[in-house]
Amino acid sequence: MNFIEGEILYVAKPLNWTSFNLVSKLRWKLQKTLKVKKLKVGHAGTLDPLATGVMIICTGKSTKLIESFQYQTKEYIATLELGSTTPSFDLELPIDGTYPTGHITRELVNQVIPRFLGEIWQVPPAYSAVKVDGKRAYDYARDGQEVELKPKLLVIDDIEVLDFALPILKIRVVCSKGTYIRALARDIGLALASGAHLTALERTRIGNVRLEDCWQIDDLVLHVENDILSANQPVIIN
C-alpha cells in the first residue's frame, strides 16, 4: 500500500465515534508511521456518532475520488422505536413526546412503508449539517432558534420491513445521496399516525462496498503499524 500516492480504504465506523474521529485517528497513525508532517485523508459520506457501518476513506491523490463515492447508492439497516420522538430523531437527545401505538398493526405497517419507495420529498432534521444563511442547522437548533429547512427531492430505491414487534420496527433502506434516515424515521412515524425515532442505524453498503469488505479500525491501525513498516515502504519526509 502506498498511502502517500493514494489508497482507498473501507472501514467499519464504530458506535459513538464521529466520522471526523475515525479520519483523524487514521491520519495520525499514517503520519507517525510514514514520518510525514502532512497527509491528505478524507472520507465519503458522513455517519452520525450513533450510526455504525461502512465508511470509505481516501488518502493522498485518491481524495480526488471522494465526490464520486458520495453519489453512490447507500444501504442501511434502521431500527425505529414507534410511539415516541426526540428533537434529533435519534437517541442523541431525550424523548420529547409520546404517542399512541395500539392501532399500529403489521398490516398498517405493510400499507405505509411502500409509500416511501421511489422519489420522495424530505425535510432535513433540525439537528443536521444543512446550511441556512451560512450557518449549520444544528447550531440554530442548539441555540433554540427555529429555521425553515427546505424539502429535498430524494430517491428510495428499495425499502422493506425486516422485523416488527411493537414498539420496534426494523427496516432495510437503499437510497440516494443526501437521505437522512433519521428524517425517514420521523416521517414513517407520522404516516403511522404516531411518532418514531431511531434507536440504531447501520450502513451496510456504499455502491458495491459491503460491511464484510471493511476493516475494523483496530485491525487497520495494526496493519499500518506492522505490515507497512515490515514491507520497507519508502519513507518521504516533508
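Things worth noting here:
- Reachable lysines from residue 61, criterion Cα separation under 17 angstrom, eight or more residues apart if same chain: 37, 38, 40
- Between residue 64 and residue 20, the FRET efficiency estimated from the beta carbon spacing at R0 = 22 angstrom works out to 0.65.
- Applying 1/(1 + (r/R0)^6) with R0 = 25 Å to the Cβ-Cβ distance of residue 117 and residue 168 gives a FRET efficiency near 0.70.
- What you get for the range 74-206, charging only the Cβ of Lys and Arg (+1) and of Asp and Glu (-1), is a dipole of about 300 debye around the Cα centre.
- In a reduced charge model with +1 at each Lys and Arg Cβ and -1 at each Asp and Glu Cβ, the chain shows a dipole moment near 920 debye about its Cα centre.
- The chain, helix-only ellipticity at 222 nm - DSSP H runs n ≥ 4, -39,500 (n - 2.57), divided by all residues, nearest 500: -7000 deg cm²/dmol
- With at most 14 other Cβ atoms within 10 Å, longest stretch of the chain clear of loop GluC sites (Glu not before Pro) (DSSP): 6-145
- The chain: C-alpha pair distances exceeding 21 Å, %: 61
- Angle in degrees between helix 181-191 and the longest Cα principal axis of the chain, rounded to the nearest 10: 10
- Couplings for the range 108-119, taken from phi via the Karplus curve 6.51 cos²θ - 1.76 cosθ + 1.60 with θ = phi - 60°, read 5, 4, 5, 6, 7, 4, x, 5, 9, 8, x, 6 Hz in order; Gly and Pro are left as x.
- Entry note, the chain: relative contact order of 29 percent, from Cα contacts under 8 Å with a spacing of 6+ residues.
- For residue 215, the residues whose modelled amide H falls within less than 5 Å of its own, excluding neighbours fewer than 5 places apart on the same chain, are 10, 11, 12.
- Using θ = phi - 60° in the Karplus curve 6.51 cos²θ - 1.76 cosθ + 1.60, the 3J(HN,Hα) couplings for the range 166-175 round to 2, x, 9, 10, 10, 10, 10, 10, 10, 8 Hz; x is entered for Gly and Pro.
- Taking every DSSP bridge with both residues inside the chain, close to 90 percent are antiparallel.
- Estimated vicinal HN-Hα couplings, Hz - the range 39-48 in sequence order (Karplus 6.51, -1.76, 1.60; Gly, Pro = x): 7, 6, 9, x, 10, 10, x, 5, 10, 4
- Cβ-Cβ FRET estimate between residue 2 and residue 79, R0 fixed at 35 Å, reported to 0.05: 0.30
- Full-extension gain in nm, residue 96 to residue 32, via 0.36 nm per residue minus C-alpha separation: 18.5 nm
- Pairs of Lys residues in the range 74-206, spaced 8 or more positions apart or belonging to different chains, with C-alpha separations under 23 angstrom: 13 in total.
- Rounded Å value of the spacing that divides the Cα centres of the range 80-157 and the range 39-56: 21
No value in this document is a laboratory result; all are computed from the given coordinates. Not measured: the values here are computed from a predicted model. Quick reminder, even Gly has a Cβ in these numbers, built from the backbone with ideal geometry, and neighbours come from all protein chains shown.
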